[in-house]
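Have a look at the structure below, then the notes.
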Amino acid sequence: MSIRVVVADDQEIVRTGLTMILDAQPGIDVVGEAADGREAVALARRLRPDVCLFDVRMPGVDGIEATRALAGPGVADPLAVVVITVFDLDDYVHAALKAGARGFLLKDAGPELLAQAVRAAAVGDALIAPSVTARLLRAFADTGPAESPVQPVEPLTDREEQILVAVARGRTNSEISAEFHITLSTVKTHIASLMAKIGARNRVEAAMWAYETDRLRDRSGGGGASRR
C-alpha cells in the first residue's frame, strides 16, 4: 500500500514542488495540501495520513504548534511528522523535534533524501539530514538544555552506548549493523531498549539526549562510555 502524505507549506510554489517530488516516488501519494498550520492540523486529523510533511515557519499556527498538536506529549494516537526548513541552525527546528517531530530536512535535501525521510517516518523510524545532524544538535547542546536531561531508568549497556552515539551521528540501522557486525534485528532491539531506558519516543529524541548528556563529547577523546 502507498504511503499517504499531507504536505503543508505557506508558499504555493514550494508546496507544489514538494507534492510533485513525492508523487513521482513509487509507493508515495500526497493526499492533501495545506497553506498553514491550522489547516494542516484539521486536514491531518480528518485524513489520518501515514506522514505529515510540515514547513517550520507558517503564518498563524506554525509547524511547531501543528507538530505538537498531532504528535506531542499527551497525544493519544500521534501522527508521524517530518519538519522541513531552509535554516540548518534554526531554533524552530529544535523546538519542532521537542514537540514530537520524527525528523527534519533542509529544503535543498533533494528528492532521494526527501523520499527516504518519508519512508522512514512511515515505518516508525526517523531521519535527520546527515549534513546537519551533528552541527545542529551540538549547537543546542553547547548552549545547555533548558532542563536537566532525564536520567535513564537503568544504566545503558556498553553496546547501547555505542549504538546511541551512532544514532546521534545520523547513522542508519544498516550502517550501524555493518559498523558493529550485528544483524538489523539486533540493532533494532538495542535501539528499542535504550529508548525505553531514556524515555525517548523516537530516534530524534534519542539523538538530542545523547548530545545533551555529552555522549559524543565524552567519546571524541577516545574515552569510554559516559556514565552520567
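The values are calculated or read from the model by the stated rules, or taken from the named source; none is laboratory data. What you see is a predicted model, and the numbers here were worked out from it, not measured in a lab. Every residue, glycine among them, receives a Cβ derived from its backbone with ideal geometry; neighbour counts consider all protein chains shown. Protein only, heavy atoms only, side chains kept; ligands, DNA and RNA dropped before computing areas. Shrake-Rupley method; radii C 1.70, N 1.55, O 1.52, S 1.80 Å.
Miscellaneous remarks
- Of the residues in segment 205-213, at least one is touching a strand residue (DSSP E or B) at 6+ places or on another chain (Cβ under 7 Å) and either crowded, with 16+ Cβ neighbours inside 10 Å or modelled with pLDDT under 85 (or both).
- Annotation note: of Arg102, Arg57, the sole residue that is open to solvent by 10 Å² or more (accessible area, probe 1.4 Å), under 13 Å from the mean Cα position of the chain (by Cα), under 27 Å from Met208 (Cα atoms) and among the basic types (Lys, Arg) is Arg102.
- Those residues of segment 63-115 which are charged (D, E, K, R), at pLDDT below 90 and assigned to a loop (DSSP other than H, G, I, E, B), in sequence order: Asp88, Asp90, Arg102, Lys107, Asp108
- Members of segment 105-129 that are crowded, with 17+ Cβ neighbours inside 10 Å and of a type in the set (Val, Ile, Thr): Val118, Ile128
- Look at segment 150-175: where a residue is within 18 Å of Arg102 (Cα to Cα) and a partner is in a loop (DSSP other than H, G, I, E, B), sitting 6+ places away or on another chain with Cβ atoms under 7 Å, you get Leu164/Leu156; Gly170/Pro130.
- Comparison of Leu43, Leu22 shows that the only residue that is touching a residue at least 60 places away in the same chain (Cβ under 8 Å) and either of a type outside the set (S, T, N, Q) or at positive phi (or both) is Leu22.
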